[in-house]
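Engineer: One structure, pasted below without further comment.
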Amino acid sequence: REFFDSKIVDEWLYWMKNMPDMLPAYLEFDSIKTNDKIFHLIAAPKLFFDLNKKVVGCMFMFSDITELKMTEKKLRISDEKYSKAFHASPAPSSITTLKEGRYVDVNESYTKFVGYSKEELIGKTSTDIKFFTDREDRTKFITELIKTGKLRNYVTQMYSKIKGIRTISISAEIIELQS
């Protein structure tokens, strides 16, 4: 109880005394502050029984995962910042797969630009919605993008569900997300 929160210790003791067969394989928790620092730990309990199957002891192996938890928190904050910036941007923006042009995400400006809702776009390809009016132009666009890794101000014609065929300038960059 000097290092761990009393509530956690009471929970362990309850499990060990009353339901040792159902004791979780590991417990994840924050320790009490030590020198004003909180440690995030994973503990794997190993129970010791007497001949009557009564718990007579316990050993815990601890892993300090504080740094991992701090990194996860930083990533969540970073993801949240990206998501808010992407979705709030007045510039029509989409994330698509390179090979197929399959929509992964779009912002509201993009949906207004092409005239399709987010639900109508996600999972579909730019070919499905006939974004490029000329299939060969899409092939040329992708070939150039693969060569250089990014394109700026690529002029093409696209189809907008609400405004018809329009001449536009597209900028794109290859990024890797989740492999």
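Just so you know, all these numbers are worked out from the coordinates, no wet-lab data involved. This one's a predicted model, so the numbers in the text were calculated from it and none came from an experiment. Positions of Cβ are backbone-derived with ideal geometry, glycine not excepted, and every protein chain shown enters the neighbour counts.
Engineer: Taking the condition of being over 17 Å from the mean Cα position of the chain (by Cα) and closer than 21 Å to T139 by Cα, how many residues in the stretch 95-115 meet it?
Structural biologist: 6
Engineer: Under 7 Å between Cβ atoms, at least 6 apart or on separate chains: pull out the pairs that start in the stretch 151-163 with a residue that is more than 15 Å from T133 (Cβ to Cβ) and end on any residue that is hydrophobic (A, V, I, L, M, F, W, C).
Structural biologist: As it stands, the answer is L151/L145; L151/A172, since those pairs meet every condition given.
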